[in-house]
Amino acid sequence: MKRLHVHVAVKSIESSIPFYSKMFGCEPTIVKSDYAKWQLEDPKVNFAISARGAPVGLNHLGIQVENDAELGEMKSRLDAIEGDIVEQVGTACCYAKSDKYWVNDPANIPWETFHTLDTIPVFNDTASAGCCVPELVAVKEPQSSCCTPSTASSKKSCC
């Protein structure tokens with residue numbers, strides 16, 4: 001079974017948790033001083049936020065798989081894309097040890113496919129800020145959306 005993964009960089013974990021908890025109707029399954037994660041069943045999504053110095057906004061998207069066979073299937077899909085793929089085996093990120101493959105989509109948004117192997121007591125295995133998006137696939141320019149209203153009360157939308 002696969003699960004969509006969304007990771008958003010925020011200014012403050014403490015002030016962001018109430019918004020997302022109300023949005024999802026539940027508290028996070030993991031809370032750290034710089035990270036929180038909701039492992040949702042409906043919709044089936046792994047939604048994470050972190051406050052580690054990355055630009056605020058969408059950090060990356062991904063697909064979480066449950067075993068090595070599913071990760072191999074996802075790797076085959078990425079190979080068919082014929083883009084630059086970054087492989088990470090046993091990497092430490094987001095308080096977990098995982099095997100991962102990274103690629104950028106046509107909009108330059110980093111996507112990871114990953115299988116979580118275990119939890120770990122630290123965010124990652126380096127002192128670097130931000131999340132664990134490899135340099136090769138890191139977003140270099142801010143993305144804008146035609147469908148994002150300029151104000152919450154805006155009625156116009158292209159979608």
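By accessible area, using a 1.4 Å probe on protein heavy atoms only, region 1-108 has 53% of its surface on carbon and sulfur.
The residues of region 3-58 expose on average 54 square angstrom of accessible surface per residue, using a 1.4 Å probe on protein heavy atoms. Rounded to the nearest 20 debye, the dipole size of region 1-137 about its Cα centre is 500 debye, using +1 on the Cβ of Lys and Arg and -1 on the Cβ of Asp and Glu. Other residues within the sphere of radius under 14 Å centred on the Cβ of Ser21, judged by their own Cβ, net out at 0 (K and R +1, D and E -1).
The values are calculated or read from the model by the stated rules, or taken from the named source; none is laboratory data. Quantities reported herein were computed from a predicted structural model and do not represent experimental measurements. For neighbour counting, all protein chains shown are included, and Cβ atoms are generated from backbone atoms with ideal geometry for every residue, glycine included. The area values use the complete protein model at the heavy-atom level, side chains included, leaving out ligands, DNA and RNA. Shrake-Rupley method; radii C 1.70, N 1.55, O 1.52, S 1.80 Å.
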